[in-house]
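Report on the structure given below.
Each reported figure results from applying straightforward, stated rules to the coordinates on display, with no laboratory input. Just so we're clear, the structure is a prediction, and the values are computed from it rather than from any experiment. In this analysis, Cβ positions are derived from the backbone assuming ideal geometry, glycine residues included, and neighbour counts consider all displayed protein chains.
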Amino acid sequence: MTKDGIQDIAQFPQDVEGLPRRRFMQQLLGTAAAAAVLPRHVWGDPAASLENAARHMPVEDAGDEAFWHLVKNQFMLREGLIMLNAANLCPSPYPVQQMVFALTRDIDRDPSSVNRRKFSGLREKSREALAGYLGADSDEIALTRNTSEGNNIVIGGLTFKPGDEVVIWDENHPTANIAWDVRAERYGFEVKRVKIPPACESVEELIRPFRDALSGRTRVLCLSHLSNLSGVALPAQAICRMARERGVLTHIDGAQTFGSQKVDLHDLGCDYYTGSAHKWFVGPREVGVLYVRRERIPGLWPSIVGVGYSQDLEEDARKFETLGQRDDARIAAMAATVEFHSTLGVTRIEKRIKRLAAALKSRLLKHVPGVRFHTPLRPEDSGGVVVFSAPGIDLQKALNTLYHEHSIGAAVFGGEQAGIRLCPHIYNTLEEMEHAALAVSSLAGEGP
Ligand SMILES: Cc1ncc(COP(=O)(O)O)c(C=O)c1O
């Protein structure tokens, strides 16, 4: 028995029954996470593993298609399905899925509190791994349900008085937008929405609207790090610095950057950051992360107080996660997800996403007459979220046509940013970008 008690799980070889074992074993089982989950007799040859391939590549090497095919094989996506909706929900790779399955079985076999004791240690391992991954300290990290919960913990935990003002980007998600309106109505402060000009061509153009909006009454500036509506990536570090110089707190919604790019929170300089494991992080569903800068922890009230809360947590982000009974297996699998990212290389993942997004944009330009991007073409101001429209496309029909006729999982929305959103991730290939652009081109002519 190890300190975590995790060997309990390794005694059940049936945990891997029915899976394409050879592929699973050979490609990833060199990793400690997989070794922790699976019995030793099913480990594969580490020389053939993805870990091995990644380890022998220089850090600056973005990986060739053969490498990324190996990565794609870590996901159980249905044959032929081209998933391009990472901004919404992502599949998990084998090691993460297996960790969740194995630990879930372990709980179902023996839900006694004695057996479940090990999960507090596993939760701390996940916290530690996440803190390292995000450039933060462990006691600045709370494990939440998702970005929605994290945003609401921040919004509900700050104290405001009438006359105070909160500045938000008008592209924020409802959980960092309407959630502020609801709070403002109750406490009598004001929420000011900022628009950025279309087609910004410099970092300064992206910072200026926010700087101009701040006043002596502004308490908080709340922004999506990268917009799920337009795909615009804000220069968050420069904006946070500018806000800090004016004594304004910064709340960054990282739903679209957690897992898709290198994020160093101490370097970024924000006061609060939120994310969801089930998006770009390809982690377990319904687990999220909330970062609160050390100095800000005492000033933020917990919205839910449950078992585990104590005054001793005054300066500890754990006070934001006394949320009652949780799915311990999923929380424990966060550490395995961090390990998956480390195995592949965080910078390499970011580069791959940008490469796929750039390829998608160029193929849309080539194949779709009149295509108009809401997302900047410049990689500096964008990431994996690609939003566009084109004449003649019936947006009402596009989602179903893309799915039923082209096997593409996309997103489509109306409103100011009306268009199609395609978000490539590490389980996609360059070939799929071509396929997606051709599929979009075939939609033209269906609509007005
Ligand atoms: C920017 C942003 N914030 C928050 C959320 C909410 O994420 P979740 O449903 O995982 O809480 C989303 C979801 O798409 C998002 O794009």
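List the residues, sorted by chain then number, that are 5 or more residues from T144 or on another chain and whose placed amide H is less than 5 Å from its amide H.
Amide H neighbours of T144, under 5 Å, 5+ apart: G288, V289, L290.
How do the peptides 135-145, 185-195 rank, highest first, by the average count of neighbouring beta carbon atoms within 10 Å per residue?
Ranked by mean Cβ neighbours within 10 Å, highest first: 135-145, 185-195.
Suppose R0 equals 45 Å; then what is the FRET efficiency for N52 and V114 from their Cβ-Cβ distance, rounded to the nearest 0.05?
In this case the efficiency is close to 0.70.
Give me, ordered by chain and number, the residues 5 or more places off R421 or on other chains with an amide H under 5 Å from its own placed amide H.
A411, V412, F413
Can you order the peptides 229-238, 287-296, 406-415, 162-171 by their average number of other Cβ atoms within 10 Å per residue, highest first?
The packing order, highest mean first, is 287-296, 229-238, 162-171, 406-415.
Excluding residues on the same chain fewer than 8 positions from K192, give the lysines whose Cα lies under 24 Å from its Cα.
K161
Which percent, nearest 5, of DSSP beta bridges in the stretch 181-315 are antiparallel?
40
Nearest 20 debye, what's the magnitude of the dipole of the chain about its Cα centre given +1 on Lys and Arg Cβ and -1 on Asp and Glu Cβ?
With Lys and Arg at +1 and Asp and Glu at -1, about 140 debye.
Let me know the shape class of the stretch 123-341, please: from the alpha-carbon gyration tensor, a ≥ b ≥ c as square roots of the eigenvalues, rounded when a/c is under 1.5, otherwise prolate if a/b is greater than b/c, or oblate.
Judged from the Cα gyration tensor, the stretch 123-341 comes out oblate (a/c at least 1.5, b/c at or above a/b).
Please give the net charge around A357, taking every other residue with its beta carbon less than 13 angstrom from that of A357, where Lys and Arg add +1 and Asp and Glu add -1.
Around A357, the surrounding residues sum to +4.
What list of ³J(HN,Hα) values in whole Hz, one per residue of the stretch 330-335 in order, does the Karplus curve 6.51 cos²θ - 1.76 cosθ + 1.60 (θ = phi - 60°) give from phi, with Gly and Pro shown as x?
5, 5, 5, 6, 5, 5
Suppose R0 equals 60 Å; then what is the FRET efficiency for E128 and K366 from their Cβ-Cβ distance, rounded to the nearest 0.05?
So, using R0 = 60 Å, E works out to roughly 0.85.
Relative contact order, percent, of the stretch 136-219 when contacts are C-alpha pairs under 8 Å separated by at least 6 residues?
Normalised by residue count, the contact order of the stretch 136-219 is 31 percent.
Suppose a student asked you for the relative contact order of the stretch 123-341, using Cα pairs under 8 Å spaced at least 6 residues apart; what percent would you report?
28
Over all directions, the average projected area of the alpha-carbon convex hull for the chain comes to how many nm²?
Averaged projected hull area, Cα only: 21.9 nm².
If you restrict to DSSP beta bridges whose two residues both lie in the chain, what percentage is antiparallel, to the nearest 5?
Restricted to the chain, the bridges split so that about 50 percent are antiparallel.
With runs of 4+ DSSP H residues as the only contributors, calculate the mean residue ellipticity of the chain at 222 nm using -39,500 (n - 2.57) per run, divided by the residue total and rounded to the nearest 500.
The helix contribution divided over the chain gives -12000 deg cm²/dmol.
Compute the signed sum of charges (Lys and Arg +1, Asp and Glu -1) over the other residues within less than 9 Å, Cβ to Cβ, of V287.
The answer is +2.
Taking R0 as 25 Å, what FRET efficiency do you get between A66 and E286 from their Cβ-Cβ distance, rounded to the nearest 0.05?
Efficiency at R0 = 25 Å is approximately 0.15.
Magnitude of the Cβ-charge dipole of the stretch 347-443, K/R +1 and D/E -1, about the Cα centre, nearest 20 debye?
Roughly 300 debye, rounded to the nearest 20.
Roughly how big is the stretch 123-341's charge dipole about its Cα centre, with Cβ charges of +1 (Lys, Arg) and -1 (Asp, Glu), in debye to the nearest 20?
Dipole size: approximately 300 debye.
Before anything else, pin down the relative contact order of the chain: Cα pairs under 8 Å, at least 6 apart, normalised by residue count, whole percent.
It comes to 19 percent, rounded to a whole number.
Check the straight Cα-Cα distances from K279 and name the lysines below 24 Å, setting aside those fewer than 8 residues away within the same chain.
Within the straight-line cut-off, K279 pairs with K72, K125, K262, K351, K354, K361.
At what distance in nm do the modelled label points of E380 and E315 sit from each other, each positioned 7 Å from its Cα along Cα→Cβ?
Inter-label distance under the simple model: 4.0 nm.
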